[in-house]
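Following: one structure in structure tokens, then a few remarks.
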Amino acid sequence: MNLASNAPTARHEAALACLEAGIAAAHPERVLESSLRLDGDDLHVADAVYDCSAYDRCVVVGGGKAAAGVAEALERVLGDRIDAGAVVTYDPGTGERIDHLPGDHPVPSERGVESTRRVVDLVAQADEETLVLCVVTGGASALLPAPAEGISLSDLQETTERLLESGAEIGEMNAVRKHLSMLKGGGLARRAAPATVVSLVFSDVVGNDLGVVASGPTVPDETTYDDALDVLARYDLSVPDAVRERLERGAAGEIAETPKPGDPAFDRVHNHVLADGFTALDAARDEAERRGLETLVLSSRVRGEAREAAKTHVAVGEEVLATGEPLDPPAVVLSGGETTVTVRGDGEGGPNLEYALAAAIECSSLGRLGRGVLASVDTDGRDGGTEVAGAVVDESTLTGRDERTAARDALDRNDALPELDRHGCVIRTGPTGTNVNDLRVLVVDRG
């Protein structure tokens, strides 16, 4: 991946180089090189140490968009100490001891269900003498579908689609999905007990709420059936009868809740966040500073409607150019997090594409003060359900009232991708092998 190779200006080159640096820093190979090592029988994970000789078996399970890279790194470190394993991902590689199995995202699929059965089988075989290394990365909520009793795959698919279209935040979506699954919401930990479970987490969630990352398969679930029903009511969602019936029966106490804090299922569970959105932001900032640019990290926790968040990002750039506050240009303003899109049209796009197109409209004001380039991507290389990572725009992307009107119309249709592609702004990376949510870079200069 060399995004900056054909950049038209130094500002574009800087923005794209910052994106590359951020994505590379969050890649499993780089992350595990610094956070995982084997010293004799001692497995060091971040600041913790696990004595491998204390276990009869070591198995690896899990899934998500970064799961293949994590599995490959684990095999390099542990080799034949791994007795068996299976991870589910949308871009599976190959492993000698860990099976790489296919799944789909953002809507679960039949092959994902079939692949997840292998994970469930491995977890079911674990006992007190087993060390379970659990790979937990963003995207596993869809990639690891294990429908609860009475719920079909089609029920999960329809419910997932309705949630994605609603504009619900990820925590709200997962409150529903946890209560429709055997593995989510602490279900994997419950099934693995009394094994020792060590989770290796790549967080794609604002604030690193482990109950939300991949729907929290190895952490206590603080949401309830009532919470799930509240989400359906809040967004006025029409879901399959089987889904509503299960949630209502659970709220009435007829179906057991997901495991909560204090449940003995978590007595031997250890969760380690090895990479998150700030991993990428920090590396992007380092790249900007290496280029001699003033830098500011707005936040790694930006959320809300993508098109509205973009206005604030560009407004900070305008302030830099107009007053020299809070930075002197040339400068780079960075942000991360997870914005959302409320789907009202039937177009093609995603949060980062809508962010970029909204920013392009706002950049016309920025252009009266100087020059600016904004690049916005999903670090996994796929924005929403599209096959592109995001886009890069500047003050000259939209020229004149007609083009800005066309851009606003495209946003109204949720059709940002073709509009940006028409202007040559789309960023294509292919699958990156990681997933730590969105990364956005704004480079501004007076010259």
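Quick notes on this one:
- Residue count for segment 1-15, restricted to those that are among the aliphatic types (A, V, I, L, M), in contact (Cβ under 8 Å) with a residue 24 or more places away in the chain and part of a helix (DSSP H, G or I): 3.
- Restricting segment 301-358 to residues that are in contact with a Pro (Cβ under 8 Å, 6 or more places away or on another chain) and assigned to a loop (DSSP other than H, G, I, E, B) leaves a set whose member that is farthest from Ala407 (Cα to Cα) is Val341.
- Qualifying position, being out of contact with any Leu (no Cβ under 7 Å at 6 or more places or on another chain), among the polar types (S, T, N, Q) and in a strand (DSSP E or B), among Ser396, Ser376: Ser376
Conditions (1) touching a Ser or Thr at 6+ places or on another chain (Cβ under 9 Å); (2) assigned to a helix (DSSP H, G or I); (3) of a type in the set (Asp, Glu), marked per residue:
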{"position": "Val77", "(1), (2), (3)": "no, yes, no"}
{"position": "Gly85", "(1), (2), (3)": "no, no, no"}
{"position": "Val107", "(1), (2), (3)": "yes, no, no"}
{"position": "Val113", "(1), (2), (3)": "no, yes, no"}
{"position": "Thr116", "(1), (2), (3)": "no, yes, no"}
{"position": "Asp121", "(1), (2), (3)": "no, yes, yes"}
{"position": "Glu128", "(1), (2), (3)": "yes, no, yes"}
{"position": "Cys134", "(1), (2), (3)": "yes, no, no"}
{"position": "Glu149", "(1), (2), (3)": "no, no, yes"}
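- If you go through segment 81-103 and keep only what is open to solvent by 10 Å² or more (accessible area, probe 1.4 Å) and closer than 23 Å to Arg162 by Cα, you end up with just Tyr90.
- Checking Asp346 against (1) under 24 Å from Val426 (Cα atoms); (2) open to solvent by 30 Å² or more (accessible area, probe 1.4 Å); (3) touching a helix residue (DSSP H, G or I) at 6+ places or on another chain (Cβ under 8 Å), the condition it does not meet: (3)
Each row is one residue, and each column tells you yes or no for (1) open to solvent by 30 Å² or more (accessible area, probe 1.4 Å); (2) within 18 Å of the chain's Cα centre (by Cα).
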| position | (1), (2) |
| --- | --- |
| Ala360 | no, no |
| Arg368 | yes, no |
| Ala391 | no, yes |
| Leu398 | no, no |
| Arg408 | yes, no |
| Asp421 | yes, no |
| Gly424 | yes, no |
| Asp438 | no, yes |
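- When residues in segment 182-196 are screened for being among the small types (Gly, Ala, Ser) and in a helix (DSSP H, G or I), 3 of them pass.
- Residues of segment 36-53 that turn out to be farther than 12 Å from His272 by Cβ, assigned to a strand (DSSP E or B) and touching a residue at least 24 places away in the same chain (Cβ under 8 Å), as a count: 2
- Among the residues of segment 136-147, those that are in a loop (DSSP other than H, G, I, E, B) and either free of Cβ contacts under 8 Å to residues at least 24 places away in the same chain or touching a strand residue (DSSP E or B) at 6+ places or on another chain (Cβ under 6 Å) (or both) comprise Leu144, Ala146.
- Segment 192-217 residues that are touching a residue at least 12 places away in the same chain (Cβ under 8 Å) and surrounded by 22 or more Cβ atoms within 10 Å (Cβ to Cβ), paired with ones that are among the basic types (Lys, Arg) and assigned to a helix (DSSP H, G or I) (beta carbon under 8 Å, 6 or more apart): Ser215/Arg177; Ser215/Lys178; Gly216/Lys178
- Matching residues in segment 407-447 - criterion: being outside any loop (DSSP other than H, G, I, E, B), among the basic types (Lys, Arg) and more than 15 Å from Ala15 (Cβ to Cβ): Arg408, Arg422
- Residues that are part of a loop (DSSP other than H, G, I, E, B), out of contact with any Lys or Arg (no Cβ under 7 Å at 6 or more places or on another chain) and open to solvent by 40 Å² or more (accessible area, probe 1.4 Å) within segment 223-256 comprise Thr224, Tyr235, Asp236, Ala252, Gly253, Glu254, Ala256, listed in sequence order.
- Leading residue by the ranking (surrounded by the most Cβ atoms within 10 Å (Cβ to Cβ)) among those in segment 104-160 that are of a type in the set (Ser, Thr, Tyr) and under 22 Å from the mean Cα position of the chain (by Cα): Thr137
- For segment 299-339, filtered to residues that are buried (at least 21 other Cβ atoms within 10 Å of the Cβ) and either free of Cβ contacts under 8 Å to residues at least 24 places away in the same chain or β-branched (Val, Ile, Thr) (or both), the residue that is farthest from Val213 (Cα to Cα) is Val320.
The values are calculated or read from the model by the stated rules, or taken from the named source; none is laboratory data. All of these numbers come straight from a predicted model, not from anything done at the bench. Every residue, glycine among them, receives a Cβ derived from its backbone with ideal geometry; neighbour counts consider all protein chains shown. Protein only, heavy atoms only, side chains kept; ligands, DNA and RNA dropped before computing areas. Shrake-Rupley method; radii C 1.70, N 1.55, O 1.52, S 1.80 Å.
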